[in-house]
Structure formats: C-alpha cells, structure tokens
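*Asks:* Handing you a structure now.
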Amino acid sequence: MFESDGGLRGRGRTHHSPGPGPRARIAARPQASILHADLDSFYASVEQRDQPHLRGKPVLVGGGVVLAASYEAKARGVRTPMNIGRALQLCPEAIVVPPRTSEYAQASKEVFAIFFDTTPVVEGISIDEAFLDVAGLRRVAGEPRTIARELRARVRREVGLPISVGIAGTKFLAKVASAASKPDGLLLVEHGGELEFLHPLPVQRLWGVGPVTAEALRVHGIERIGQLAELGEQGLRPIVGRAAARHLHALAWARDPRRVETGRRRRSIGAQRALGRRARTPDEIEAYLHGLTDRLGRRLRNADRVCRTVVLRLRFDDFTRATRSHTLPDSTDHTETILRTALGLLTAAMPLIHERGLTLIGLALTNLEDADPRQLTLPFEHGPGPELDTTLDEVRTRFGSSAVTRAALLGRGEGLSVPLLPD
C-alpha cells in the first residue's frame, strides 16, 4: 500500500552544516523509513518567495538557458535546461529573472539545518535535495510519516519554501515517491506495497534509463516498469547489455541495498556551459574550456582535493552526446596541467565538433583524492609551482570570480555558475 498527502502549492552551498563526521553505514531496513526531501522548483520558488508580484505567475530563472522554471511555466511545457528563447515561445508571458546565487545558497543552508535538526543521518545529493534516515527516531519523534509532515511544515514556516517528501524502504523508491508527490506533497510507500506503486510507472523513472535506453526498450514493447520486471534480467541483456540489465532488473523489483550515508566526499566535480545553436569558432570553444578549467581548479583547491582523470563532455546540435577522458600519471590540482589535458581532448574531438556542431561543453574531474602536502612523488623535481593558482584564488575569493579573468574570456564571461554542496 502507499499513501499520499497533497500539500498547499507553494509560492511564497556554499557551505552547509556538515553534520556529524564519517560513521558506520546504516543497514537497509524493510520498514519505510528513508525520506527523500526535494525542494520544489528551488530557484523559482525562492524568487516567488522574495518577490510577491511573481507569485502565481510563470517564472524562468536563468540567462541563455533556463536554470529553473516555476510550476506555472512547467505547465506550459518549459523544462530545464532549455534555451530561454524556446521557453518564451512555449510560454510568452513568462517573467525571466537573473539568478541570485547567494540567496539560493542561504536558503539551502537554512533547509539543511532543518534536515540535520531532524536526524543526524543526512546524505546531501544537491543543494535542494537530500536523503534522511529516520528509522531510529520512532520512540522520540514518532513514525516516519509524522516526521516528514513536521519537516515539511518547518521548511514552509522557517524558510518559506515548498518541499516534497517521499518515504520508502529504499533510497530509489523514496526518490521516485518524492517526484510523484510534487508539487509540495508527501507520499509514503509502505513496506509490502512497493511493486504496486512502482510497476505502473514509465521506465524513465528508473535510474539509468535516459532517452536512448527508453527508446531501445520501447522498440521492444517495454514502456512500463512492470513490463521490464517481467522480461527478467536474461531478456534485458540483448537490449541494454549485461551490466545495465542487472542494474535495471534489480530496481524494477525494488531492490536497492544502498544506505543513507553521511560524511562521504564527492567522487567527481564538474561544470558545463551551454553554447546555444549558433556556430562557434575553435577559439571561442577553447576560451570556454579555459573558463571551466579555472572554475574547477579553484573548487579543487578550496576543497583540498586533487584529481587524476579529466573528462571532456560534449553535446552536439542533434542533441547526441560524447565524452573523452584522460587519466594522468599523478594526481594534481594544478590548473595548467588540467588545462593542457583538457585542450588535448578538445583538439582530438574537434573534427567531430566541426561535423556535428556543438551546443554544450562540459568538463569533469574524477578519481578525486584528499590532497596530502606531505606526499611527494618521485622524482622530486617540480614543474610550475602552485603560487600563481593560490594567488589568483585569493584575489577571486576577495574581489569576486570575475576580478581576474583570462584574456580569451573578455566579453564572454565565465558563464552562469550555481551554488553547490561542499566538495
């Protein structure tokens, strides 16, 4: 069985409280005691909260692309990250507002404080969503449904924002439940009712099913999760491959043993820039890659992390995507080292870009490790030292990220950046 609460439709990092340090994993439980809390249309909701004349109206937050859309705009077909021009074609009366990242960061910090005040077992996913394990709170705070109701009421009362909450026995089902409860709702999937809730849903609700996989499944007559579950892992392998078949089959039968974890550090960081449909010169594309590299290098050093692998992400004019990666012999946080690697990947991909056009470029740094200044690699000769990176970081921290920029980015800017959970 599953139960739902409808909520009042709401109108109106950065650094979060880290909660406790690393702790032992919490074992998965059969009871519905995992909450997935997700702020509704976060940026747009903050704008509607702070600007009363926007309440009840379609609101788009962004510049060249839509970073967030209010539910009034979503009802007209607007989605993220959609080009602003296309969004205004779908919803001409929409009001476009520039992002205010500091306000979103502050609102996120306040909401996460409520999460940690509710339970010490909080796993932040992004600045506007988190998993909470409340299994150990029955005697002191009541049943999970009661805890979720109070959490939603506190976020509305203390921060002024709507939030949707899903409750289930696994992280996957809790996230699906919160999505199904939107906007501003509460949905409980009771133990024993998981398949009744899950199997009628479209296969796109499964983690790992994007447009390409969904189309491959549709060709074989599979559009609902229940159909996928009935096909079995063996039947899925010819369609999606061995690893994906195992993963999707487990989720389709509501099997997800992952725990809600605290104190776990990010495995990768990334940034991207939408370029629109206009043709870009190689120099322009390279300039945007410079900006992404500067941004990620600064994040690495601020978090005392180093990376080993550089990943270039591309989206083409036909909406297909490609990635290219290179693993370095030694981990680094040196901007120029990362940039040289990224530029090498870009050069190799340039024939494909010329052929298919480029609408988005992204960069990710993976295989992250904690920086250890005591550990030196052999030989001990060093290339360029960290002094320039450190000095630029200090200037940008004090005077803003645009205080010092590369000449190639003059007139182009760094692009939109959004507040993030701590790295």
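*Asks:* For region 56-154, list the helices (runs of 4 or more DSSP H) that sit wholly inside it and hold at least 3 residues that are of a type outside the set (Lys, Arg); which are they?
*Replies:* Values: elements: 71-74, 84-90, 101-118, 138-141, 144-154.
Passing ranges, in order: 71-74, 84-90, 101-118, 144-154.
*Asks:* Based on this model, can you work out whether HIS53 counts as at pLDDT 50 or above and surrounded by fewer than 19 Cβ atoms within 10 Å (Cβ to Cβ)? Break it down into steps so the answer makes sense when it comes.
*Replies:* Values: at pLDDT 50 or above: yes; surrounded by fewer than 19 Cβ atoms within 10 Å (Cβ to Cβ): yes.
Here the answer is yes, as HIS53 does meet what is asked.
*Asks:* Separate question: Exactly one of these conditions fails for ALA68: (1) over 30 Å from ALA141 (Cβ atoms); (2) modelled with pLDDT of 95 or more; (3) aliphatic (A, V, I, L, M); (4) touching an Asp or Glu at 6+ places or on another chain (Cβ under 9 Å). Give me its number.
*Replies:* Going through (1) over 30 Å from ALA141 (Cβ atoms); (2) modelled with pLDDT of 95 or more; (3) aliphatic (A, V, I, L, M); (4) touching an Asp or Glu at 6+ places or on another chain (Cβ under 9 Å) one by one, ALA68 breaks only (2).
*Asks:* Please indicate, with yes or no, whether at least one residue in region 73-84 is crowded, with 21+ Cβ neighbours inside 10 Å, more than 16 Å from PRO162 (Cβ to Cβ) and not aliphatic (A, V, I, L, M).
*Replies:* The answer is no, given that none of the residues of region 73-84 is crowded, with 21+ Cβ neighbours inside 10 Å, more than 16 Å from PRO162 (Cβ to Cβ) and not aliphatic (A, V, I, L, M).
*Asks:* Continuing with the same structure: Could you identify the single residue in ASP304, ASP370, ASP294, ASP283 that is acidic (Asp, Glu), outside the structural domain of PRO81 (by TED's automatic domain parsing) and crowded, with 20+ Cβ neighbours inside 10 Å? Spell out the reasoning first.
*Replies:* Details: ASP304 fails: crowded, with 20+ Cβ neighbours inside 10 Å; ASP370 fails: crowded, with 20+ Cβ neighbours inside 10 Å; ASP283 fails: crowded, with 20+ Cβ neighbours inside 10 Å.
Within the list ASP304, ASP370, ASP294, ASP283, the selection yields ASP294.
*Asks:* Within region 262-307, take every residue that is at pLDDT below 85, in a loop (DSSP other than H, G, I, E, B) and in contact with a strand residue (DSSP E or B) (Cβ under 7 Å, 6 or more places away or on another chain) and give me the one that is nearest to LEU132 (Cα to Cα).
*Replies:* Checking each candidate, the answer is THR262.
*Asks:* For region 169-207, name all the residues that are in contact with a His (Cβ under 6 Å, 6 or more places away or on another chain) and not hydroxyl-bearing (Ser, Thr, Tyr). It would help to see each step written out before you state the result.
*Replies:* Looking only at region 169-207, we keep the residues that are in contact with a His (Cβ under 6 Å, 6 or more places away or on another chain), and these are 169, 174-175, 178.
Within region 169-207, GLY169, ALA174, LYS175 qualify.
*Asks:* So, one more: In the list GLY270, GLY297, which residue meets the criterion of being over 24 Å from PRO211 (Cα atoms), within 21 Å of the chain's Cα centre (by Cα) and among the small types (Gly, Ala, Ser)? Write out each step before concluding.
*Replies:* Values: GLY270 fails: over 24 Å from PRO211 (Cα atoms).
Only one candidate qualifies: GLY297.
*Asks:* Would a scan of region 208-223 turn up a residue that is within 23 Å of the chain's Cα centre (by Cα), crowded, with 18+ Cβ neighbours inside 10 Å and of a type in the set (A, V, I, L, M)?
*Replies:* yes
*Asks:* To continue, here is another question. Give just the number: which of (1) out of contact with any strand residue (DSSP E or B) (no Cβ under 7 Å at 6 or more places or on another chain); (2) buried (at least 20 other Cβ atoms within 10 Å of the Cβ); (3) not hydroxyl-bearing (Ser, Thr, Tyr) does ALA87 not satisfy?
*Replies:* Against the list (1) out of contact with any strand residue (DSSP E or B) (no Cβ under 7 Å at 6 or more places or on another chain); (2) buried (at least 20 other Cβ atoms within 10 Å of the Cβ); (3) not hydroxyl-bearing (Ser, Thr, Tyr), ALA87 comes up short only on (1).
*Asks:* I've got another one for you. If a residue must be of a type outside the set (D, E, K, R) and in a loop (DSSP other than H, G, I, E, B), how many such residues does region 42-55 contain? Can you show your working first?
*Replies:* First pass over region 42-55, keeping only residues of a type outside the set (D, E, K, R): 42-46, 48, 51-54.
Narrowing the set further to residues that are in a loop (DSSP other than H, G, I, E, B) leaves 51.
Qualifying residue count for the region: 1.
Results for (1) closer than 30 Å to LEU275 by Cα; (2) more than 23 Å from the chain's Cα centre (by Cα), shown as yes or no for each residue.
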{"residue": "LEU88", "(1), (2)": "yes, yes"}
{"residue": "ARG100", "(1), (2)": "yes, no"}
{"residue": "GLU123", "(1), (2)": "no, no"}
{"residue": "ASP133", "(1), (2)": "no, no"}
{"residue": "ALA141", "(1), (2)": "no, yes"}
{"residue": "ARG145", "(1), (2)": "no, yes"}
{"residue": "VAL155", "(1), (2)": "no, no"}
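The values are calculated or read from the model by the stated rules, or taken from the named source; none is laboratory data. Owing to the predicted nature of the structure, the values given are computational and were not obtained by experimental measurement. All Cβ positions, even for glycine, are placed from backbone atoms using ideal geometry, and neighbour counts span all protein chains on display.
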